[in-house]
Amino acid sequence: MKKEDKTLIIDRIAEELGKYSCFYLVETTGLNAEETSALRRECFKDGIKLMVVKNTLLHKALEKSGLECSEIYPALKGSTSVMFANVGNAPAKLLKRVQKKENPLPALKAAYVEETVYLGADQLGTLSSIKSKNELIADVVALLQSPAKNVISALGSGAGKIHGILETLSKKED
């Protein structure tokens with residue numbers, strides 16, 4: 001491969017790294033064409049971009065991107081596919097769903113999610129349980145709404161009593 005071609009590929013990978021907030025490195029060597037095609041379809045449905053890369057080119061793209069993820073470099077062995085996503089737990093959930101079909105592939109090698117590096121296939125459970133930014137915002141909104149709903153319902157249920165008390169007090173003044 002010519003040096004110019006390599007430079008273009010490195011730039012393209014670095015550009016993808018900049019577009020997405022997280023990426024997963026997975027091993028897909030043992031998948032046949034049908035399984036790979038099914039994986040690509042699932043990725044597309046979930047808003048995940050799947051890209052097969054050469055390890056040396058990915059290494060250079062990671063260095064170029066400026067991300068603090070040097071712990072990932074040892075995982076760049078064998079065949080590597082990169083799953084890019086903006087929702088941190090989406091690739092992990094997809095991998096767990098695909099692996100339920102009694103196929104250990106694609107296997108997680110490493111992941112970079114929310115500026116944290118996760119190494120090894122044993123981290124898949126942890127990654128799938130991470131809440132996305134939208135899920136965390138929804139939890140905070142629900143927590144903030146709960147006390148307000150309680151106050152409103154208490155006022156609503158006691159509205160008749162308050163009205164009665166105010167009416168009684170106004171009659172006593174007359």
- Task: Mind counting the residues in the stretch 36-52 that are open to solvent by 60 Å² or more (accessible area, probe 1.4 Å), over 22 Å from LEU8 (Cβ atoms) and hydrophobic (A, V, I, L, M, F, W, C)?
- Result: 1
- Task: Kindly indicate which of SER70, SER21 is among the small types (Gly, Ala, Ser) and either touching a residue at least 12 places away in the same chain (Cβ under 8 Å) or on the phi > 0 side of the Ramachandran plot (or both).
- Result: SER21
- Considering every residue within the stretch 84-96, establish whether at least one is exposed (fewer than 14 other Cβ atoms within 10 Å of the Cβ), more than 12 Å from the chain's Cα centre (by Cα) and over 21 Å from ARG12 (Cα atoms). no
- Note on the structure: Quick count over the stretch 53-70, residues being more than 19 Å from LYS3 (Cα to Cα) and either open to solvent by 90 Å² or more (accessible area, probe 1.4 Å) or in contact with a strand residue (DSSP E or B) (Cβ under 9 Å, 6 or more places away or on another chain) (or both), is 4
- Task: Can you work out which of the residues in the stretch 121-138 that are in contact (Cβ under 8 Å) with a residue 40 or more places away in the chain and more than 19 Å from PHE84 (Cβ to Cβ) is most open to solvent (accessible area, probe 1.4 Å)?
- Result: LYS131
- Those residues that are part of a loop (DSSP other than H, G, I, E, B) and more than 13 Å from TYR24 (Cβ to Cβ), I need them from the stretch 44-75; list them, please. GLY47, LYS54, GLY66, LEU67, GLU68
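The values are calculated or read from the model by the stated rules, or taken from the named source; none is laboratory data. Since we're looking at a predicted model, the values are computed, not measured. Positions of Cβ are generated from backbone atoms using ideal geometry, with glycine treated the same way; all protein chains shown enter the neighbour counts. Ligands, DNA and RNA are stripped out before the accessible areas are found, and what is left, the full protein with its side chains, is counted by its heavy atoms. Shrake-Rupley method; radii C 1.70, N 1.55, O 1.52, S 1.80 Å.
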